Structures are given as C-alpha cells and as structure tokens.
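Taking it in order: structure first as structure tokens, then the write-up.
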Amino acid sequence: MAAITLIEALTQAMAYEMREDPSVLVLGEDVGVNGGVFRATSGLIQEFGPGRIIDTPLDETTIAGLAVGLAAQGMKPIAEAQFDGFMYPMVDHIICHAARMRNRTRGRLSCPMVLRVPWGGGIRAPEHHSEANESIFTNVPGLRVVIPSSPQRAYGLLLAAIRDPDPVIFFEPKRIYRQYKEEVPDDGEALPLDVCFVLRDGSDVTLVTWGSQVKETLEAAEALEKQGISAEVIDVATIKPLDFETIHESVKKTGRCVIVHEAPRTAGFGAEIAAQLAEKAMFDLVAPVERVTGFDTHIPLFRLEMKYLPSAEKIIAAVKRSLAVS
Amino acid sequence: MGTGVRFEIDYLQYLDAEGRLLNPDLPEFARDRAQLVGLYREMLKVRCFDAKAVALQRTGKLGTYASCIGHEAAHVGIGSGMQIDDVLAPSYREYGAQFVRGVKPREVLLYWGGDERGSDFSGPAHDFAWCVPIGTQCLHAAGAAMAFKLRDEPRVAVACVGDGGSSKTDTNAAINAAGAYGLPFVLCIINNQWAISVPRDSQTGAETLAQKGLAGGLECLQVDGNDIIAVKAAVEFAVKRARHGHGGTVLELITYRLSDHTTADDARRYRDDEQVKQAWTREPIKRLKNYLMAQGWWSDQEEQDWTVHSNAWADAEVDAYLATTVQPLESMFDFLYAEAPHDVAEQREQALAWEKR
C-alpha cells in the first residue's frame, strides 16, 4: 500500500463512497476535468463521469442551493467550496435550509449533504483564501462541523460525513493537504463524528487543537518533551458536536489546558471549550486556561500571515505560563 | 448593423376580465365541463379557506398569515398543471397549488399557527415546505430537477416566486443552472405587482419578468395569471416540455395581491384604494364564473351550494387545527438530527428536567 497525503485520502474516500453508493455525487467549480483547484477530485471524472462529478456555473449560491435540492430529493451531494473566503454566499442555504430541513418538516425531508471547504491560512494565497471561519458554523443547530488533520483521519471522517444523514461542514486544512504521507487502507472504515483523538499521551499539560495547528502543536509537544515537560495532544477533529469528555479526562490528569486555534480569539471555538472547562472542570484545573489563537484581526496578506498564525514557540510560551502557576 | 439574436415574449390569455372568450383555440381540459367546473370549485374553496384564516388571525387564533386572495387562478392553475410525482417548491402563499396536490388546510393553519407539524405535509411527501427567505426555493427546485435528470426519472420541479423574488440572486441562479444543465425545471414568477410595499416597476427595468428566463436560455411566456385556463395551459405546456427533456421554462403569471402582504401589513400605507378597486374588476373567480354561466355549465344554485360546501370544508379544517395540542417540549430537539448528538441529548434532558421541577 502506497502512502498518501491528506488530500489524496480525501479523493480516496470520495471515490470509495461513490463506488458504494450511486446517490453520492460531487459538485463545485472546476471539480471536473480540472480535478478541483487543489486536485481533491483529481481523476474522479474519469471514473464516474460528468453526471456525478459536476462542474457548476461559477456561483457559490448555485452550488449550495443545488446541493440542498439534490439532498432533499434523495441524493447525497458533496459540494465543494473552492476556498473558505468564498463560502459566504452559500451560508443562506446552509443555515436557513440545510440545517433546518429535517427539523422544520418534522423529519419529512432531510438534507444529507457535505460541504467541503479548503480552510485556513499559511499557503501564501491571495486575499479571501485563508479564512478560519469554523466557529461561525458551530453556532448553527442542525449542522456538524468537522476538521481532519491527518491522511487517515481525513479518510475516515470524510466517509462518515458523506454517510451522515444530516448536513456536515467539512473544513479541510489546506496548509497540511500535502504535509506528509501515511498509509491509508481503502477499507471503507469510517471514523466517528463525535470523538476527539488523543494524538500523544502526556501528564503535565493538555494541548487542545484542530486542523492545521495540529502540526505546530505536535512540534511544541516534542520540543517540550526535550525540556522534560510531558504534553498530551488532543485533535478535536469534530468541533460540533464537541467531545468534551475526552478533553475533560485529560485535564483531570494534567490539571492544565492550552487551547490552540488559528481563528480569531473572540468567540473562536476555543472560547466554548474554555467555557465548558469552567463549567465542568473548574476543580480539576490548577492553572487558568490558556489560549493561543489568531488575533482579532483579519488574517494579513501573506507577507505577515505567519506572524498571525499560532506557532510552536507561542504554544510553548503558553505552556510555560500555565506551568508557572502552581 | 446586423441582428445578433431577437427575442419575443408571447402572452397567453383566453378569457378577458368579464369572462368573454378572446381565443377560441381552447386547450382540451377547458372544453370539458367537468374539468373546468372542477377548477372553479377549487378556486372557490381556496377563497373560503383564506377568509377563514384571516378571521382566525384577527381573532387571535392564528399567527401572522399570508393571504392568497386574488391568486386563486395562478395557484390552482399551477397545482392542477403538475403531476403528483413532480415536486413543488412554493414560497409561502400558494395554498391553492398545494391543496390540489394534497396538502391539508389544517397544515397551512398549523404552520402559521406556530407549529412545525404544518410542514409535515400529508400531501406529496417529496414537496418542499414553505420558503420564507425569498427565492432560495428556486435553486432547491433546480437541485431537485437535477436529481430527477441524473436518475432518469420523468419528473419535473416547479418553483414559485414573486415579482419581488425575481430580483433575488437565487432566482436568477436557478434560471442559469436550469439552462446550463437542461433541467426539467419550471419557474412560475407570480407577479402580483407588490413586494410588500415596493411596486413591480421598482424591481427591475425589464419590460416583462418572463424575460428573466431569456438570459438563462429558458423558454419564456407571459400569462394572464387571473385566467385559470391560460395558467393551467401554460403550466401544462412547460411541464410537458420539461418532462420530455426539452428544458426549463419561466412563466410570468400576472395577477394582483388583493390583500395586505400579510396580516402584519397595512397596504393602505403605500397603495391607492383606486388601484385595488381596479384590480378587483380583473379578479380570477368572477371571470371564470361568468364564462361558465355563459356556457350554461354553472348556476346560481350551484354557486350557493358549493359555497356552503366550501365553508363547511374550511370550518372542519379550522376545527381540526384548533383541536391540535401543542407539541411536547422535546419536539424541538427530536427532529434536529436523525439521531441526537450527545450535546443535544443532554440539553433535551435538562429542558425536560426543568419542566418537571
């Protein structure tokens, strides 16, 4: 078995499910012959044809609205937004329709669609191509919000998202699309959409993150280990619904928690995790919760973007602040 | 300069405002007494229902309600021009189309009465529910049409939108997608002249709303939306074309909103009584009645009997609505997902515990 990248794992998952389930189709801009601007659908039109790998007119509203209509009438569309910053015209259909369809019809209609969104900064892209806007969608009842961070988890979580009977916003950390390769068996095994993944065991501090920041967080944990500090690393992966139990169990052990995300700090999803720690884990904590996040600014154009994004150094500094409290 | 392409928009009308036949080339259904009387009966029923619904709102037994008075020919014409396997994507006042398709009046009342069960139609289970954000339903219909085309099903998706909704991105996007993919899609732009307080002429500089379909490559037709013979004929034409793979159509059905926008609106603030009075001379029920009477197909006695029947029917639906109990608290959690995630399940338990405190 050849090792593959995260984005190749996404392609593999889509191809697997399209072979299994004739109702699954892909639609988006340039997803056909071009294979998507990131090549997530590369080769799929050759196998499945233009009836199932569907190039759309250049209009995000169209993509989302068609996906809702398709999903409500028995198909399982995987809609692709080309970039995070271009998904806003889709939001009316996601919030007012996809997320509400089952509830407002008392289950008569439903909307089993996936919206795949290349997400986040750090690839030296133009304006509007680097947004970390996941927390917006965690405040929308009826959605699931997923962000994988490894080839294996990308495969298993995307399969689960496609099979899920309700709408899933699937954010793809484009900065680590091709960070490394690992073996991903094409066995059709989905991963659960309601658990965090403990990537590294530790006893001194709990590092909680998701998406591209898993990279910096693991780097920070390795550096800390060399300094004799044992950091547990949790990839939240599915931020809605949040598996708080796994985070809580870890904090019971470590007493300290540093939350890392690249989205702006205020009302970023780290705030929800911190709130739940305050509600449910107050007496397990021995130090205040630390957050390492983007600033409450727009992510700058790319000359400065790495100054905006959390770094391993910032994470290590936050851990040190936490450890200084005894 | 040569000609690039020229376009024309045809206009379809059979009956004038007085019910006189303008076009003797009637469609088959209009030559059949039973069918035409059947359509008339449906329109009368809808008007009886509408009056009851407004009265319910005025007496505090219904929430805000969007009246359909004046639209009976447009709505019943749309519903009766479709087949049951087709899918309807309404906006929020096309009850006449929905009743023909099997939605119950009590469901309309439940919806406007603040109960989600109203959108759980006992009629065609595949029809879309009401769509309050303007125009989004047009793309859902296009998506449905795409599903039918992909599965090679001989079905058609029909969307309804208003003159105001013809300005929305989604409406134009649906027209564009339907043309690009050759979808079995019919868009009925129900031009009732008013988008709450903004008149038709302020929506667009286009001479017709039907021509909105031209840019997407769809067939376009303007129709007297108060003439049910014309509406049904146009819908049947469009649906047939779509079903046979000949592509989508935009129909502009010209009518008039004889009521306020909703019961929360007061149209006297922005339009003259004189205009409304004029519109009443063109309303759809009177003209078909005149035509039927002239044919000897309908009588004052039948009118009286059917009105009694329709009122009794509407009253029974009102009673059924008023007899419904409020949904249990947990219903707000139970339909959110196919299976409640742990956070929703936890909040459900908390909500129930609070109720039982």
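The values are calculated or read from the model by the stated rules, or taken from the named source; none is laboratory data. Note that the coordinates shown come from a computational prediction; the quantities given were computed from them, not determined experimentally. All Cβ positions, glycine included, derive from the backbone under ideal geometry; neighbour counts span all protein chains shown.
For the reader, a short list of remarks on this structure follows.
- Of the helices (runs of 4 or more DSSP H) lying entirely inside segment A:122-227, those containing at least 2 residues that are out of contact with any strand residue (DSSP E or B) (no Cβ under 9 Å at 6 or more places or on another chain) and not assigned by TED's automatic domain parsing to the domain that holds A:ALA40 span A:213-226.
- Test result for A:PRO151, away from every other protein chain (no Cβ under 14 Å) and surrounded by fewer than 19 Cβ atoms within 10 Å (Cβ to Cβ): no
- B:TYR92, sole failed condition from (1) assigned to a loop (DSSP other than H, G, I, E, B); (2) touching a residue at least 24 places away in the same chain (Cβ under 8 Å); (3) among the hydroxyl-bearing types (Ser, Thr, Tyr); (4) in contact with a helix residue (DSSP H, G or I) (Cβ under 8 Å, 6 or more places away or on another chain): (4)
- Of the helices (runs of 4 or more DSSP H) lying entirely inside segment B:286-357, those containing at least 2 residues that are among the charged types (D, E, K, R) are B:300-322, B:342-355.
- Matching option when the condition is free of Cβ contacts under 8 Å to residues at least 60 places away in the same chain and at positive phi, among B:GLY135, B:GLY118: B:GLY135
- Condition broken by B:ASP170, with the remaining ones in (1) more than 12 Å from every other protein chain (Cβ to nearest Cβ); (2) within 24 Å of A:ALA64 (Cβ to Cβ); (3) part of a helix (DSSP H, G or I) satisfied: (1)
Each row is one residue, and each column tells you yes or no for (1) surrounded by 20 or more Cβ atoms within 10 Å (Cβ to Cβ); (2) in contact (Cβ under 8 Å) with a residue 60 or more places away in the chain; (3) closer than 21 Å to A:PRO148 by Cα.
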position: A:ARG200; (1), (2), (3): no, no, yes
position: A:ASP204; (1), (2), (3): no, yes, no
position: A:LEU224; (1), (2), (3): yes, yes, no
position: A:ILE234; (1), (2), (3): yes, no, yes
position: A:ALA237; (1), (2), (3): yes, yes, yes
position: A:LYS240; (1), (2), (3): yes, yes, yes
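- Any hit, segment B:121-141, residues being surrounded by fewer than 24 Cβ atoms within 10 Å (Cβ to Cβ), more than 13 Å from the chain's Cα centre (by Cα), more than 10 Å from chain A (Cβ to nearest Cβ) and in a helix (DSSP H, G or I): no
- Once segment A:85-105 is narrowed to residues that are out of contact with any Ser or Thr (no Cβ under 7 Å at 6 or more places or on another chain) and in a loop (DSSP other than H, G, I, E, B), the residue that is surrounded by the most Cβ atoms within 10 Å (Cβ to Cβ) is A:MET87.
- Residue within segment A:71-84 that is of a type outside the set (D, E, K, R), under 21 Å from the mean Cα position of the chain (by Cα), at positive phi and outside any helix (DSSP H, G or I) present: no
- Filter result (outside any strand (DSSP E or B), among the aliphatic types (A, V, I, L, M) and surrounded by 18 or more Cβ atoms within 10 Å (Cβ to Cβ)) within segment A:1-14: A:LEU6, A:ILE7, A:ALA9, A:LEU10, A:ALA13, A:MET14
- Qualifying residue in segment B:252-268 (condition: over 26 Å from B:LEU88 (Cα atoms) and part of a helix (DSSP H, G or I)): yes
- One residue from A:ILE53, A:ILE78 being in contact (Cβ under 8 Å) with a residue 40 or more places away in the chain, crowded, with 24+ Cβ neighbours inside 10 Å and either more than 18 Å from B:ALA144 (Cα to Cα) or within 14 Å of another protein chain (Cβ to nearest Cβ) (or both): A:ILE78
- For beta carbons closer than 6 Å, sequence separation of 6+ or different chains, a first residue in segment B:1-25 that is part of a strand (DSSP E or B) and a second that is acidic (Asp, Glu), the qualifying pairs are B:LEU15/B:ASP227.
- Residue within segment B:187-202 that is of a type outside the set (Gly, Ala, Ser), in contact with a helix residue (DSSP H, G or I) (Cβ under 8 Å, 6 or more places away or on another chain) and within 14 Å of chain A (Cβ to nearest Cβ) present: yes
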